[in-house]
Amino acid sequence: MDKEQEQQEAVDLKTRRATAATEKVAQAAKTAPEPKQLIYIGPNLPGGRLAKSLIVRDGFPTYLDDVAEKAPEIRQLFVPVAELATSKAALSVPGSALQIAYAAVIAAVKGGI
C-alpha cells in the first residue's frame, strides 16, 4: 500500500465516523420529546409580572405560584400554542371554562393580586 492510498483510507474512515455521528444526533433529535410550549391568553398582570401572549416552555412558570394561590384559574389561561385559535374563540363564549377563568383573573387583579 502506498502512502497516498493510506491517506485516502484514513480520510474515508473519518468521513464514515462523522456520518455515523451525524446520523446518531439526527436520530436522537427525532426521538427526543418536544418541549411543551404554552401561551398565556389572560389579562396583563400589574407591574409587568405577566403580559398577554407570553410564551413559556414546560408548563406553568413557577415565579407565578403566588398568583396561582390567589387566583388558581390563571393556570387555565396557559394553553398549548397549537390550540391558540380554538382557545381564543372559547374566550368569547359566555360561560365557557376559559371565559370564567379570564373573569376570575380580572377580579383577582382588581382585588390587588
task = Scan VAL25, VAL11, VAL56 and give me the residue that is modelled with pLDDT of 95 or more and more than 16 Å from TYR102 (Cα to Cα).
result = VAL56
ask   = Mind checking whether some residue in segment 47-58 is exposed (fewer than 14 other Cβ atoms within 10 Å of the Cβ), in a helix (DSSP H, G or I) and of a type outside the set (Gly, Ala, Ser)?
value = no
ask   = Of the residues VAL79, VAL67, which single one is within 11 Å of the chain's Cα centre (by Cα) and either among the aliphatic types (A, V, I, L, M) or outside any helix (DSSP H, G or I) (or both)?
value = VAL79
query = In this structure, is THR19 modelled with pLDDT under 95 and surrounded by 10 or more Cβ atoms within 10 Å (Cβ to Cβ)?
reply = yes
ask   = Across segment 93-113, what is the total count of residues that are surrounded by fewer than 18 Cβ atoms within 10 Å (Cβ to Cβ), in a helix (DSSP H, G or I) and of a type in the set (Ser, Thr, Tyr)?
value = 0
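The values are calculated or read from the model by the stated rules, or taken from the named source; none is laboratory data. Given the structure is predicted, the values throughout are model-derived calculations rather than measurements. Heads up, the Cβs are rebuilt from the backbone with ideal geometry, glycines too, and the neighbour counts pull from every protein chain shown.
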